[in-house]
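Trainee: Next up is a structure, given as structure tokens.
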């Protein structure tokens, strides 16, 4: 049990964490991978390379130190991190390894200011945090296996179909090799896939949103090819799927999880706002609403560079024009409007050009895309008087946005 004196010592490190948190977590990851290189097969090395994982961990450690008096207020954060951990098959024994290297890093980075009393306080505090996290994750694992067709850890799936959706995005239909059912999920959730990367000589996990509504038979992921000449490991996985994975090939898959999900307990209008491949979880949500005959007013707002890279274009047009199930607004940033059909808007997604009819009370807004895209539209909605409770978003990376 952590004492009040130890809580005070942990809180006293908050200014240092604000100033040097990323330095600390960067040192921590380097140290851990030197001493426990096997964990390179567990952690997403792409997020290590771009620094997002270090930043996300620094923010989490700082938040815990700031709320050490009442860590219960962090449960939404704990749940979000726990969902990611379950997707990556993180187990309680991993916390012991992380704790050893985190405490050593605090001592090594802070030097003489990291007194034995501070290290002892952080050891007790970390033990408390590990118990909270692993306890919550145990519940999540149990919930997974209680579902029909559910499982924990990695399960082999076969690619049955590989469909090119645009010049950059390809869909993969994944079926379990054991012939069993697959667990239903809440639209918006993701799965992890795991591939061996010869370039790194490592197994690497990568999380992809499920881009279809639940059907009990298969999951569809829709993957953007990385066109950079020197992609990071995330891009390597996406490109390996594009270039080397074909129908009949096997990949490891974890069960669906995630907190960015469709809120379907009311009749509120819904507005989906996406940029590029950020539409994938929103497609799942929209398909579910249409499939179940939802009477919610539905608006689809999407931005892409041009028609060639616009995935699911025909599907959205069918739902909008033939089925009259949705209203659509499409933006192309590099394509100029050259007809009077008003088929699309030229430029980046701008909600203001659509008028105020979308800015209504009790409308649920779902935003997905790069972090700057999310921030722009989140802040725009808030400035128009939309309550933060009705704005839902997800980054395609370790969470570094603090908008709510």
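Trainee: For the range 157-182, enumerate the residues that are in a loop (DSSP other than H, G, I, E, B) and crowded, with 19+ Cβ neighbours inside 10 Å.
Mentor: Within the range 157-182, 165, 166, 168, 182 meet the criteria.
Trainee: Can you find even one residue in the range 125-144 that is buried (at least 16 other Cβ atoms within 10 Å of the Cβ) and not in a helix (DSSP H, G or I)?
Mentor: No, because not a single residue in the range 125-144 is buried (at least 16 other Cβ atoms within 10 Å of the Cβ) and not in a helix (DSSP H, G or I).
Trainee: Here is a list: 214, 205, 247. Which entry is in contact (Cβ under 8 Å) with a residue 24 or more places away in the chain, assigned to a loop (DSSP other than H, G, I, E, B) and in contact with a strand residue (DSSP E or B) (Cβ under 9 Å, 6 or more places away or on another chain)?
Mentor: None of the others qualify; the one that does is 247.
Trainee: Can you pull out the residues in the range 250-260 that are buried (at least 19 other Cβ atoms within 10 Å of the Cβ) and assigned to a loop (DSSP other than H, G, I, E, B)?
Mentor: Matches in the range 250-260: 254, 255, 256, 258, 260.
Trainee: Can you say whether residue 49 is at pLDDT 95 or above, over 26 Å from residue 138 (Cα atoms) and out of contact with any strand residue (DSSP E or B) (no Cβ under 6 Å at 6 or more places or on another chain), as far as the supplied structure shows?
Mentor: no
Trainee: Within the range 269-278, is there a residue that is touching a residue at least 60 places away in the same chain (Cβ under 8 Å), crowded, with 19+ Cβ neighbours inside 10 Å and on the phi > 0 side of the Ramachandran plot?
Mentor: yes
Trainee: Residues of the range 10-25 being over 20 Å from residue 395 (Cβ atoms) and buried (at least 20 other Cβ atoms within 10 Å of the Cβ), which ones?
Mentor: Hits for the range 10-25 are 10, 13, 17, 24.
The values are calculated or read from the model by the stated rules, or taken from the named source; none is laboratory data. All values reported here derive from a predicted model rather than from experimental measurement. FYI the Cβ positions are ideal-geometry reconstructions off the backbone, even for glycines, and counts take in every protein chain you see.
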